[in-house]
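*Asks:* What follows is a single structure, and I will ask about it in a moment.
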Amino acid sequence: MLTWCFSYSYMPSSNLAYESGTAPPSLARDWNRVRAASDAQPFDLVVVGGGITGAGIAHFAATIGLRTALIEADDFGSGTSSRSTKLIHGGLRYLAMGEVSLVREAALERKTLHQIAPHLAEPRWMILPAATRIDYLKYRAGVTLYQMLGQVASQDRFAGTRQMEPAQLEPDFDWSRYPHACIYREYLTDDARLVLATLRSAVAAGARVLSHARAAEIRESGVVVHDSEGQQEPFELRARCIVNATGPWAETLLEAPAEQPRLRLSKGVHIVLSQDRLPVRNLVMIEADDGRLMFVIGRGRYTYVGTTDTRYDGPPTTWPRVDQADVDYLLAPLRRYFPQHPVSREDVVAAWAGLRPLINEPGKAPKEMSRKDEIWQRGNFITIAGGKLTGHRHMAGDVIARIGATLKRAVPEELPVVPLRGGDLASVGADTVDALVSQVGKRYQQPDVVARRLVRIYGSEVFDVLGSTPQPLSASLFREEIDWGVHAEGARTLEDLVYRRLRAAWFAPAELIDALPEMAAHMAQLMGWDDARRDAQIAATRARLEDDLSFQS
Ligand code: FAD
C-alpha cells in the first residue's frame, strides 16, 4: 500500500505592479561610464562579486537609493551561483542537523521568491520515498515540522489536493521497493537566471555593474579594478563602503589570514541525463549509498542528479573538475530507485561542479557543516560568506544594516516585495506561469516543452526577447535569444551565452553542438569579432563542453 503525507502552498502574485514600457535595463559592460561615475563622486557602496549574494546586496542597496556599483571578475553568476541544485528550499536535511532557524527562514523565503519571480520559483512536488514504515514515519515527522516552520497552507498539501496516486505522479520509479512516500511542495529555480534577473533589477534601480572586472586590491578609499579581458587600464573604483561577496574567493580578499581558515570549501557535482534514459517528472529525494540524501530532478527534456559533498582543498576556481568517482557516486543509487532504467557514465550528457563556501567548523566533514552565513567587518570593508541561494534576500538585509551603520544612514530591514525583471506576469496578461506558457505556445506555435523553457528563462519579458517572428536555431533555441543575451544580459563570450544565459550547455547540450557555429556567427556580428576571434570562441566553448564530460574518457 502506498502512503504519503503533506504538501506546500504558494501564493499567486497577479496584483503586484511594476513599471513597464521602459527600455530593458542592461548588464552590458560600460567600463568608461563606471570609471567616470567613480571619478565624479565616490559610490556609497562597491560590491565585489556578481553571484547571488552580491546581486542581492546591490539590488537592495540601489533600491533604497545608495549609489551602488558591482564588479565581477568573470561573468555574472559564473561561480557557485550557477552550479547549485537549483532548489529554493529550507533544506529538510538540515533539520536533522538542528538548523531550525535557518530552515524556517528559508522555508518562508520561498513564498517571497515565488511572489517576486514566479517563473524562477516553480512549485513542484518533492517525493521522499521510504522502503519501510519506520523510515516513512521518521521522514513524516521531519516533513511535518518543515511545513509547520514554512507556514504551509493546509489546502495545498498533496493529500489535500486529492491529486493522483504517487505511482501516477512518478511512474518510472520502483514503488515496489519503496512503497511509502512523503510528498510535499518544494520550489525549483534557475540559479544563474535568478542572478541575472536580480542584477537587472538592481540596474533598473540605478546600480552600475561591470563583468569581467576583478578587484585586485582593497583600499579604504575604494577598490582597484583590473580588466579580466586585459583591454582596459586599471582604476580605483572609489567607494565609502566595500562589500566582499566573493563566495568561495572571500578569503582571498581578506588582508590578514586568520589562524584557522574561516572558510572550508566543499565540492558538489551534478550530472544531466536525457529524459529518454531517466524519465523523472518531479523532484525525487533519494539516499546515496552512504546514506546522504540527494535529488533527482526532471527539467524539460532532461533529468539532473545531485549532489556530492566532498572536501575541496585546492584554491577556489570557477571550473572545479568532475571526476569519475563523483559521477559513479551519483549513478550508484539510481539503480536501486529506477531499476527499469539502468544508466551508466556514457549516458551522462552534461555535468557541473560547484564549490560551497562553508563557514569552517574544524573537525567536521562537509556534509555535517552548517549552511549558515557570517559577516566579518573591518572599518568600511564588510565580508559576507556562507549561506544559501534561498536566503540571499535575508543576507542582503543583514549586510545593508551594517552598511547603514557604517555610513550612518537609516536603512530599512527588508526590501518591499516587488517583482524582479521578468516576474510581473500580470503585465502580459497572465496570472500564472502555466497561462503564460500557453500564450507563448499559441503565439509562436511551439510545443509545451519549448514554451515552458522560454517562460522559465525570460518570464514576462519573453515577448520582448522573441519579438514577432523568432528565428529558430534548433529545436528549442532562438536567434533572438542571442541579441537579448548580449544587449540586455551582458554576455561577452560564447560561454557566457550558452552556459548562463540560454542554459543550453547543461539543459540542451545535443542541439547546442549543432547550433554553435550559427550562434557564434551571430554573436560575432553583435560584438564586432573578426573571423579569428569567432573561431576561437567556438573552439573555447567546445573545449569547455568536452572538459565537462572528460570523466568519460
Ligand atoms: P558565488 O556565486 O561564487 O559568487 C562569487 C563571485 O565572486 C563569483 O562569480 C566570482 O567570480 C566573483 N569573484 C571572486 N573574486 C573576485 C574578485 N577579486 N573581484 C571580483 N569578483 C570576484 N543553495 C540553495 O539555496 N539551494 C540549493 O539547491 C543549493 N544547492 C547547492 C548545490 C551545490 C553543489 C552548491 C555548491 C551550493 C548549493 N547551494 C544551494 C548554495 C548556493 O549555491 C550558494 O550559497 C550561493 O550560490 C553562493 O553565492 P555567492 O554569490 O556567495 O558566491
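All of the numbers you see were taken from the coordinates with simple rules; none came from a lab. What you see is a predicted model; the values in this text were computed from it and never measured. Cβ coordinates were reconstructed from backbone atoms using ideal geometry, including for glycine residues, and neighbour counts include every protein chain displayed.
*Asks:* Can you tell me the Rg and Dmax of the chain, counting just the alpha carbons, in angstroms?
*Replies:* Expressed in Å, the Cα Rg and Dmax of the chain come to 22.6, 71.
*Asks:* Something else: With N denoting the number of residues in the range 327-479, provide Rg(C-alpha) divided by 2.2 N^0.38 Å, to two decimal places. Could the numbers behind the result be given before it?
*Replies:* Details: Rg = 22.4 Å, N = 153, 2.2 N^0.38 = 14.9 Å.
Relative to the rule-of-thumb radius for its length, the range 327-479 sits at 1.51.
*Asks:* Only bridges with both residues in the chain count here: give the DSSP antiparallel percent, nearest 5.
*Replies:* Details: 57 of 75 bridges.
Counting DSSP beta bridges with both partners in the chain, the antiparallel share is about 75 percent.
*Asks:* With an 8 Å cut-off on Cα pairs and a minimum separation of 6 or more residues, tell me the relative contact order of the chain in percent. Each step should come with its number before you reach the end.
*Replies:* Working: 1146 pairs, mean separation 112.4, N = 553.
The value is 20 percent.
*Asks:* Only counting other Cβ atoms within 10 Å, I'd like ASP75, ASP398 sorted with the fewest neighbours first.
*Replies:* Details: ASP75 28, ASP398 17.
In increasing order of surrounding Cβ atoms, one gets ASP398, ASP75.
*Asks:* When the Kirkwood radius is taken over all Cα pairs of the range 69-143, what Stokes-Einstein diffusion coefficient follows at 10 °C and 1.306 mPa s, in µm²/s?
*Replies:* Numbers: Rh = 15.0 Å.
The diffusion coefficient I find is 106 µm²/s.
*Asks:* So, one more: Bin by bin, in steps of 5 Å, what percent of the Cα pairs in the range 184-306 do you find, going until the bin that has the longest distance?
*Replies:* Whole-percent P(r) values from 0 Å outward: 2, 8, 11, 14, 14, 13, 12, 11, 9, 6, 1, 0.
*Asks:* Here's something else I'd like to know. Taking the Cβ of each residue in LEU196, LEU128 as the centre, tally the other Cβ atoms inside 10 Å and list the residues starting with the fewest.
*Replies:* Fewest-to-most ranking of LEU196, LEU128: LEU128, LEU196.
*Asks:* What is the fewest-to-most order of GLU105, GLU186 by other Cβ atoms lying within 10 Å of their Cβ?
*Replies:* If I rank by nearby Cβ atoms, fewest first, I get GLU105, GLU186.
*Asks:* Output the pairs from LYS138/LYS372; LYS111/LYS442; LYS111/LYS364; LYS111/LYS408; LYS86/LYS364 with a Cα-Cα distance over 27 Å in this structure; if there are none, say none. Let's see the in-between values first.
*Replies:* On the way: LYS138/LYS372 25 Å; LYS111/LYS442 29 Å; LYS111/LYS364 32 Å; LYS111/LYS408 32 Å; LYS86/LYS364 25 Å.
In this structure, LYS111/LYS442; LYS111/LYS364; LYS111/LYS408 lie more than 27 Å apart at Cα.
*Asks:* Report, largest value first, the span of the C-alpha coordinates of the range 388-467 along each principal axis, in whole Å.
*Replies:* 55, 25, 20 Å, listed from the longest principal axis down.
*Asks:* On to the next question. Between ASP289 and GLN445, how many nm apart are label points set 7 Å from Cα along the C-beta direction?
*Replies:* Label-label distance for ASP289 and GLN445, simple model: 5.1 nm.
*Asks:* Could you work out the helix-only [θ] at 222 nm for the chain, with each DSSP H run of four or more residues adding -39,500 (n - 2.57) and the total divided by the number of residues, to the nearest 500 deg cm²/dmol? Could you put the intermediate results ahead of the total?
*Replies:* On the way: 18 runs with 188 residues, N = 553.
Roughly -10000 deg cm²/dmol at 222 nm, from the helical runs in the chain.
*Asks:* Next question, about the same structure. Any idea what angle helix 191-204 forms with the longest principal axis of the chain, computed on alpha-carbon atoms, 0 to 90 degrees, nearest 10?
*Replies:* For 191-204 against the chain, the angle is about 40 degrees.
*Asks:* Can you compute the charge dipole magnitude of the chain about its Cα centre, using +1 on each Lys and Arg Cβ and -1 on each Asp and Glu Cβ, nothing else charged? Give it in debye, rounded to the nearest 20.
*Replies:* The calculated dipole for the chain is roughly 1260 debye.
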